[in-house]
Amino acid sequence: MKKQQQLYKGSLNTIIMKILEQQGKMYGYEITQKVKEITQGEMNITEGALYPALHKMEADGFLDVEMDRVDGRIRKYYKLTESGVKETVSRMEELENFIRNMQTIVNPNLKLDF
């Protein structure tokens, strides 16, 4: 496991929520592929990490699940609920503050504009 995978792990729900906010409804494998594409292969979300996170967010009321039949198989699509959208905004603000604070510690001379 790459060292940064540990850093990403703590942000998994936020990453998933942000992707769903941008893309609308997606199924699990599609989410993993989108993350891989965006990060140019730097981040890989395993099914073992993804599905427990999705199920927890669904239980917390942040995700709706829709079933659809695709090629004779049932596929589960996930999308943000209204409270999931609000939670995503809140988490993104927290993440931006965290990044800004870390950047100030690591490189105090660099100014970030967000």
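The values are calculated or read from the model by the stated rules, or taken from the named source; none is laboratory data. Quantities reported herein were computed from a predicted structural model and do not represent experimental measurements. Methodologically, a virtual Cβ is constructed for each residue, glycine included, from the backbone with ideal geometry; neighbour enumeration extends over all protein chains shown. Side chains are part of the model used for accessible areas, which takes the heavy atoms of the whole protein and leaves out ligands, DNA and RNA. Shrake-Rupley method; radii C 1.70, N 1.55, O 1.52, S 1.80 Å.
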(request) For Leu63, enumerate residues with amide H under 5 Å from its amide H, sequence gap 5+ or separate chain, H modeled in the peptide plane. (result) Glu58, Thr81
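Give me the percent of accessible area attributable to carbon and sulfur for segment 1-111, probe 1.4 angstrom. Walk me through the numbers before you get to the answer.
Values: 3820 of 7510 Å².
Carbon and sulfur: 51 percent of the exposed surface of segment 1-111.
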(request) DSSP loop (so not H, G, I, E, B), at most 14 other Cβ within 10 Å: list which trypsin sites (Lys or Arg not before Pro) in segment 65-114 pass both filters. (result) Lys111
(request) Kindly write out, for segment 16-30 in residue order, the coupling ³J(HN,Hα) from the Karplus curve 6.51 cos²θ - 1.76 cosθ + 1.60 (θ = phi - 60°), rounded to whole Hz, with x marking Gly and Pro. (result) 4, 5, 5, 5, 5, 4, 6, 9, x, 8, 9, 9, x, 4, 4
(request) Please work out which option in [x] 14, 38, 32, 15, 1; [y] 15, 52, 30, 3; [z] 13, 40, 33, 12, 3, 0 gives P(r) over Cα pairs in 10 Å bins from 0, in percent calculated from these coordinates, and answer with its label. (result) [z]
(request) Once you've got the GNM for the chain with C-alpha springs shorter than 10 Å, pick whichever of Thr39, Thr104, Thr81 has the biggest mean-square fluctuation. (result) Thr104
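Could you count how many Lys pairs in segment 20-105 have their Cα atoms under 14 Å apart, skipping same-chain pairs fewer than 8 positions apart?
Close lysine pairs under the 14 Å cut-off: 4.
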(message) Please compute the per residue accessible area over the chain with all protein chains in place, 1.4 Å probe, rounded to a whole number of Å².
(response) 69
(message) Rounded, prolate or oblate, given the Cα gyration tensor of segment 33-72, with a/c below 1.5 counting as rounded?
(response) oblate
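Order Val70, Val106, most accessible first, counting only protein heavy atoms with a 1.4 angstrom probe.
Values: Val70 35, Val106 110 Å².
Putting Val70, Val106 in descending order of accessible area: Val106, Val70.
Rounded, prolate or oblate: pick one for segment 50-101, where a ≥ b ≥ c are the square roots of the eigenvalues of its C-alpha gyration tensor, a/c under 1.5 means rounded, and failing that, prolate if a/b is larger than b/c, else oblate. It would help to have the intermediate numbers written out before the result.
On the way: a/c = 3.05, a/b = 2.53, b/c = 1.21.
Here segment 50-101 falls in the prolate category.
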